[in-house]
Amino acid sequence: MPTVREATFDLFRKLGMTTIFGNPGSTELPMLADYPSDFKYVLGLQEAAVVGMADGHAQVTGKPTLVNLHTAPGLGNAVGALFNAQANHSPVVVTVGQQVRAQVTMQANLTNRDAIRVPDPFVKYSYEPARAEDVPLALAHAIHLASLPPMGPVVVSIPMDDWDVEMDATEAQNVIERTVFGRAGADPDAVADLATRLKEAKNPLLVAGPDIDAAGAWDEAIALAEDQNLPVWASPATGGGRLGFPESHPNWRGVLPPGIAAIGETTKEHDLILVVGSSVFPYYPYMPGAFLGESSKLVQITSDPDEASRAPMGEAIVADVKLTLAALNAELDGTDRPEIEPWPAPTRLEETDPLSGSVVMNILGDVLPEDAVIVLEAPTSTMALRNQLRISKPNSYFFGAGGGLGFGLSSAVGIGYAEDRPVICVLGEGSVQYAVTAFWTAAAYDIPVTFLILRNEEYGILKWFAEVEQVTGAPGLDLPALETAKIAEGYGIESRTAANAGEVEAALKEAIADPKPRLVEVPVQPGMAVF
C-alpha cells in the first residue's frame, strides 16, 4: 500500500505540479523526506516572499503552483501575500505543517491551533484533514478548487506524522486519476441581448480588465473592439493586475481613474459601458459622486460571481470571459459607427536633472525587448510606465491587484523562474524592502531578472494620498539613505547606479542582456510621474 507521501507526490506529478516554492521548518521536513529527483524545490528565505514567487509563477503559467510553509508562524508571515494572491486570482496551493496529531490537542510547541481560521478570509479553501489517509483527497480538493474560476489561493494544514501512514491503494488511485474542468459559457439569450444592445448603442465603450489576459481572450477583445469601433479603457490601475488589451492599439484610450466620481465623469458621455474581466470597479481612494452618467448603462462580463454580485450598479453576465466574448463576436457583424481616432504614441521626453520617473520609463520603453515581461511595484510611476511603454502582448504585465507591497520583487523571481523571456521588475526602493530576501533566490538560482529601482527617498504615493485625504504632518513618509543597490549586492546581485539618460540606457541594455539577475538603481525626482 502507498504511503500518504507517495500518493501525494503522485497526485502532484499527475497534475504537472513538480515545482515547490518553500521555506521549510521542522514541521515540514517529513513531507520533504526522500525528495523525488523529478521535483524542484525553490527556496525562499521568508514566507511572504515565497508566496509572492508562487503567485507570479501561477499567473504567468496559468497553472496551480505549490507552496510549502512552516506551521503557525510561517503561515502568519505569509498572510499578507495570500491577500495579494486572492486579489490577483492566483491558483496558489499552500501546504502548511502541523504538530503531530498526538500533541495537537495539548497545544504543544508549534501547534497551529487555528490552522483553518487564520488564512480563511484570504483563501478559497482552508482545511486540515481529520485522518492522515484523507491528505491526498484534501489536497486534490484544494488544487481543483484553486484552478476553477474565479481562481485563487488555498491552504491545507497537514500534521507532520501523517506522511508515512499507509492508505488504500484504490482510494489513492481514484484521487490521482480524477480531472476537473471548469470553463462555462454564458446563457445564449444573455449574449444575444447584449449583442442587440451593442448594435443599438450610439456611443458604447469597452473597459478591458485583467481576467481577459488570464482567460487568454486578447484576440476576442481586440476583435470586438475593432468590429464595433469601441474606444477601450483599461480598468483602474489600482486593481488591474494584468492588461486586457494592447495599449499601442489605436482604440486604446488609457487607464480609468480609480475614484467613483472620476470614473463616472470619464464615462458619462457613453450610453453603454461594457466591462469585461474586471470588478466594477476597483475604487480607491474614496471620491464620492455619480457612479455613471444619467443616460449610461453598464453590463459586466466576469467569471467571478462575487465580483458580479457586489457591483454597486449595472447588470452582470457570470461566465468564462473568453467563451463569452467569442459568443458575442459571433452575434455581431460590423457597425456604422465611425472609426476611432488613433491614440497618440508616446514621444521622447526631455531629460531632467535628476531624472523624472516618466523620463526613466521613456528610456525603458526604448530598450525593452518585444517579448519582455514587466512586473511593476513603483506606485509613484505606475501611470508613467503605462503611458510610456504601451505594453501590447498578452501575459506580459503583472501588478499586485491587492495593493499590498512585496508582490513585485518576489513575483518577478517566480515569473523569471517560469519564463524564458526577459523579465524587468520596476520597483520603488521602499517596495523592495517588503520582499528583499527574494534577491537571494534570484541570485541562488541564476534567475535573469532585471530590477530597475526608482529611488526617490520617500513613500511618494503616501504623500500623494496625504494630499487627497487632506492629511498634514504625517510621520514616516521619508526614506533617506536607503541603499538598495548595496543591499542587493549583499544578496549576490550585481548592481549599478545610473544618474543620467545615457547611463540608464546603457545600464538597462547591459542588464537585460545578462543571463544572471542584475539591478539598476536610478535616483529620480520626488512626486508622482504620470505622463
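Just so you know, all these numbers are worked out from the coordinates, no wet-lab data involved. These numbers come from a predicted model, not from an experiment. Cβ coordinates were reconstructed from backbone atoms using ideal geometry, including for glycine residues, and neighbour counts include every protein chain displayed.
Points to keep in mind about this one:
- Contour minus Cα-Cα distance for Glu339 and Lys14 (0.36 nm per residue): 112.1 nm
- Normalising the average separation of contacting C-alpha pairs (under 8 angstrom, six or more residues apart) by the number of residues puts the relative contact order of the chain at 14 percent.
- Across Lys202/Lys322; Lys63/Lys322; Lys199/Lys297, pairs whose alpha-carbon gap is larger than 20 Å: Lys202/Lys322
- Descending by average beta-carbon neighbour count within 10 Å, the peptides 31-38, 355-362 line up as 355-362, 31-38, the highest first.
- Solvent-free Debye calculation, one equal scatterer per alpha-carbon of segment 109-227: log10 I(q)/I(0) at 0.13, 0.22 Å⁻¹ equals -0.73, -1.30.
- Taking chymotrypsin sites (Phe, Trp or Tyr not before Pro) across segment 20-63, the ones in a DSSP loop with at most 15 further Cβ atoms lying within 10 angstrom of their Cβ are Phe39.
- Potential lengthening of the chain between Ala499 and Thr105 amounts to 135.9 nm, from the contour at 0.36 nm per residue minus the alpha-carbon distance.
- Figure legend: label point modelled 7 angstrom from the Cα of Val165 along Cα→Cβ; residues of segment 100-118 with amide N under 17 Å from it are 100-106, 112, 115-116.
- Full-stretch length increase - Glu457, Asp371 - with 0.36 nm per residue and alpha-carbon distance subtracted: 27.8 nm
- Whether segment 4-177 is rounded, prolate or oblate, judged on the alpha carbon gyration tensor where a/c under 1.5 counts as rounded: rounded
- Neighbour net charge for Leu482 - beta-carbon separation under 11 angstrom, K R +1, D E -1: -4
- Amide H to amide H, with H built 1.01 Å from N, Val255 comes under 5 Å of Ala234, counting only residues 5 or more places away or on other chains.
- Amide H contacts of Ala316: Gln300, each under 5 Å away and 5 or more positions distant or on a separate chain (H built 1.01 Å from N in the peptide plane; Pro and chain starts excluded).
- Between the amide H of Arg455 and those of Val522, Val524, distances stay under 5 Å, these residues lying 5 or more places away or on another chain, with hydrogens modeled in the peptide plane.
- Helices in the chain, meaning DSSP H runs of at least 4 residues, each add -39500 (n - 2.57). Divided by all residues, the mean residue ellipticity at 222 nm is -10500 deg cm²/dmol.
- Per-peptide average of other Cβ atoms within 10 Å, ordering 285-297, 404-416 highest first: 404-416, 285-297
- Integer Hz, Karplus 6.51/-1.76/1.60 couplings in order for segment 234-249, x for Gly and Pro: 7, 4, x, 4, 5, x, x, x, 9, 9, x, 7, x, 8, 9, 5
- When the chain is described by a simple charge dipole with +1 on each Lys and Arg Cβ and -1 on each Asp and Glu Cβ, the residue from Pro210, Gln103, Gly152 located farthest towards its positive end is Gln103.
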